[in-house]
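Colleague: Before I ask anything, let me first share the structure, which is written out below as structure tokens.
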Amino acid sequence: DAGITQSPRHKVTETGTPVTLRCHQTENHRYMYWYRQDPGHGLRLIHYSYGVKDTDKGEVSDGYSVSRSKTEDFLLTLESATSSQTSVYFCAISGGQGLTEAFFGQGTRLTVV
Amino acid sequence: DQQVKQNSPSLSVQEGRISILNCDYTNSMFDYFLWYKKYPAEGPTFLISISSIKDKNEDGRFTVFLNKSAKHLSLHIVPSQPGDSAVYFCAASADNYGQNFVFGPGTRLSVLP
């Protein structure tokens, strides 16, 4: 199995609080992605990274920020959590630019109450 | 407006029979297509891909067919096994860059013993 872990796996938080999700990899892969999965929408890209300190926005980036200060960690921060951010969040890593060799983490289920 | 559609939210098939999962897209610029499989409480895993230079790609029991003129692709699983029960996502991109893949909403396949 690819070395990718997400933490926490489950979190309940209150509206208006900041939340940080962590994605950690041991594969030394260059590309890292954060997605959210919601019923009826599949996976939607929030942010991605193509190297240390190199990040860019995805389709649904509003309300989220990311940081990648070292190769192995990609952090996703909800600056002020809202109920619409209740979702399952997946991190993915890839050594190449495409997704055919991407590995996904097990997901973080976030509930904002 | 969804660019990648999977109009069947769910599908049930008897073990040993063929499963056919469909995916339609609206963007004629899409040239790269992926299928991902997802079990409950796990991250998606890559299954099979196809690019527009081909109309068929086969990998064991899994075959993907692409009809560019109809903007339609399908995943065939023959024979279906109970372990194939999962949610299947198709994804499409114009340039095979990971950050540009658009995912469909998924189809839940149940293979009945």
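The values are calculated or read from the model by the stated rules, or taken from the named source; none is laboratory data. The structure presented is a predicted model; accordingly, all values stated were derived computationally and were not measured. Virtual Cβ from ideal backbone geometry, glycine too; neighbours counted across all protein chains shown.
Colleague: For the stretch A:10-26, state whether one or more residues are within 13 Å of chain B (Cβ to nearest Cβ), touching a residue at least 40 places away in the same chain (Cβ under 8 Å) and loosely packed, with under 12 Cβ neighbours inside 10 Å. Outline the logic, then answer.
Modeller: Residues of the stretch A:10-26 that are within 13 Å of chain B (Cβ to nearest Cβ), as a first pass: A:10, A:23, A:25.
Keeping just the survivors that are touching a residue at least 40 places away in the same chain (Cβ under 8 Å) gives A:10, A:23, A:25.
So of that shortlist, the ones also loosely packed, with under 12 Cβ neighbours inside 10 Å come out as A:10.
The answer is yes, given that some residue of the stretch A:10-26 is within 13 Å of chain B (Cβ to nearest Cβ), touching a residue at least 40 places away in the same chain (Cβ under 8 Å) and loosely packed, with under 12 Cβ neighbours inside 10 Å.
Colleague: Could you please tell me which pairs satisfy a Cβ distance under 6 Å, a separation of 6+ or placement on different chains, a first residue in the stretch A:70-99 that is free of Cβ contacts under 8 Å to residues at least 40 places away in the same chain, and a second residue that is surrounded by 18 or more Cβ atoms within 10 Å (Cβ to Cβ) and aromatic (Phe, Trp, Tyr)?
Modeller: That search, which allows pairs on different chains as well, returns A:LEU99/B:PHE101.
Colleague: Still on this structure: For the stretch B:33-65, give me the residue count where each residue is in contact with a Lys or Arg (Cβ under 7 Å, 6 or more places away or on another chain) and not β-branched (Val, Ile, Thr).
Modeller: Residues meeting the conditions: 4.
Colleague: Report yes if A:SER84 is away from chain B (no Cβ under 13 Å) and under 12 Å from the mean Cα position of the chain (by Cα), otherwise no.
Modeller: So A:SER84 does not fit the description; no.
Colleague: Anything in the stretch B:57-113 that is of a type in the set (A, V, I, L, M), more than 14 Å from chain A (Cβ to nearest Cβ) and under 12 Å from the mean Cα position of the chain (by Cα)? List them, or say none.
Modeller: Hits for the stretch B:57-113 are B:LEU66, B:LEU73, B:LEU75, B:ILE77, B:LEU109.
Colleague: Give A:TYR50, A:TYR33 a once-over and let me know the one that is crowded, with 20+ Cβ neighbours inside 10 Å, in a strand (DSSP E or B) and of a type in the set (Ser, Thr, Tyr).
Modeller: Working: A:TYR50 fails: crowded, with 20+ Cβ neighbours inside 10 Å.
It is A:TYR33.
Colleague: Identify the single condition in (1) buried (at least 20 other Cβ atoms within 10 Å of the Cβ); (2) more than 14 Å from chain B (Cβ to nearest Cβ); (3) part of a loop (DSSP other than H, G, I, E, B) that A:ASP62 does not satisfy, given that it satisfies every other one.
Modeller: (1)
Colleague: Let me ask another. Tell me which of these B:GLN99 doesn't satisfy, since it passes every other one: (1) in a loop (DSSP other than H, G, I, E, B); (2) within 30 Å of A:SER49 (Cβ to Cβ); (3) at pLDDT below 95.
Modeller: The one condition B:GLN99 does not meet is (1).
Colleague: Using the structure shown, decide if A:THR17 is over 21 Å from A:VAL113 (Cα atoms) and either over 12 Å from the mean Cα position of the chain (by Cα) or among the aromatic types (Phe, Trp, Tyr) (or both).
Modeller: Judged against the criteria, A:THR17 is not a match.
Colleague: A:SER69 fails exactly one of the following numbered conditions: (1) farther than 26 Å from B:GLN3 by Cβ; (2) out of contact with any strand residue (DSSP E or B) (no Cβ under 6 Å at 6 or more places or on another chain); (3) not in a strand (DSSP E or B). What is the number of that condition?
Modeller: Exception for A:SER69: condition (3).
Colleague: Suppose we filter the stretch A:89-100 for residues that are more than 7 Å from chain B (Cβ to nearest Cβ) and part of a loop (DSSP other than H, G, I, E, B); how many remain?
Modeller: 2
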